[in-house]
Amino acid sequence: MQKYKGFKHIVKATGYSFSGLGYAIKETAFRHELLLCLIGIPFACYWAKDKIELLLLLISLLLLLVVELINTAIEATVDRIGKDFHPLAKMAKDLGSAAVFVSMLICAMVWLVILCG
């Protein structure tokens, strides 16, 4: 694979990122979380009392997307290795799922504390 430098590297990397988002949008869980963000971002802009609250609300939503992207990458890698059941493959997928769950808890806690506090 050819290594690019300078501006061409930035252009190529951006293309790879958009390609990754294209794969992600095919995943139901990512679409659900993206919808949550599209609804949550305007509400965050309305409800936040200051810039710090706004930042926390937005970061908690975006963190959820980031973790879902990583989870999807883990699942794709494990599936690439093989579809046969293996305890380590199950563990990798379950850990990725747990990471998404924890990021959902973080998001819910941030929103609850800010909106109810």
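Computed quantities for the displayed model
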{"item": "Residue-averaged 222 nm ellipticity for the chain, from DSSP H runs of 4+ at -39500 (n - 2.57), nearest 500", "result": "-30500 deg cm²/dmol"}
{"item": "Electrostatic dipole magnitude of the chain [Cβ: Lys, Arg +1; Asp, Glu -1; Cα centre; debye, to 20]", "result": "560"}
{"item": "Angle between the chain longest axis and helix 51-81 axis [Cα atoms, degrees, rounded to 10]", "result": "20"}
{"item": "Within region 35-81: Cβ-based charge dipole about Cα centre, in debye rounded to nearest 20 (Lys, Arg +1; Asp, Glu -1)", "result": "140"}
{"item": "Anchor LYS3: lysines whose Cα lies under 27 Å away (excluding residues fewer than 8 positions away in-chain)", "result": "LYS12"}
{"item": "Positive minus negative residues near ALA76 (Lys, Arg vs Asp, Glu; Cβ under 12 Å)", "result": "0"}
{"item": "Within-9-Å neighbourhood charge of ALA24 [Cβ basis; K, R +1; D, E -1]", "result": "0"}
{"item": "Proximal charge balance of LYS93 [Cβ under 11 Å; K/R count +1, D/E count -1]", "result": "-2"}
{"item": "Cα-based helix-to-principal-axis angle, 28-47 vs the chain, degrees rounded to 10", "result": "30"}
{"item": "Cross-link table LYS26/LYS83; LYS26/LYS93; LYS5/LYS90, entries beyond 29 Å C-alpha to C-alpha", "result": "LYS5/LYS90"}
{"item": "Listed residue (LEU69, LEU57, PHE7) projecting farthest to the positive dipole end of region 1-89, Cβ model", "result": "PHE7"}
{"item": "Peptide ranges 11-21, 46-56 listed from the most packed, as the mean C-beta count within 10 angstrom indicates", "result": "46-56, 11-21"}
{"item": "Acute angle (nearest 10 degrees) that the helix 87-116 long axis makes with the longest principal axis of the chain, alpha-carbon atoms", "result": "20"}
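Throughout, read-outs are computed from the coordinates displayed, never taken from laboratory work. No experiment lies behind these values; they were computed from the predicted model shown. When we count neighbours, we look across all protein chains shown, and the Cβ atoms used for this are built from the backbone with ideal geometry, even at glycine.
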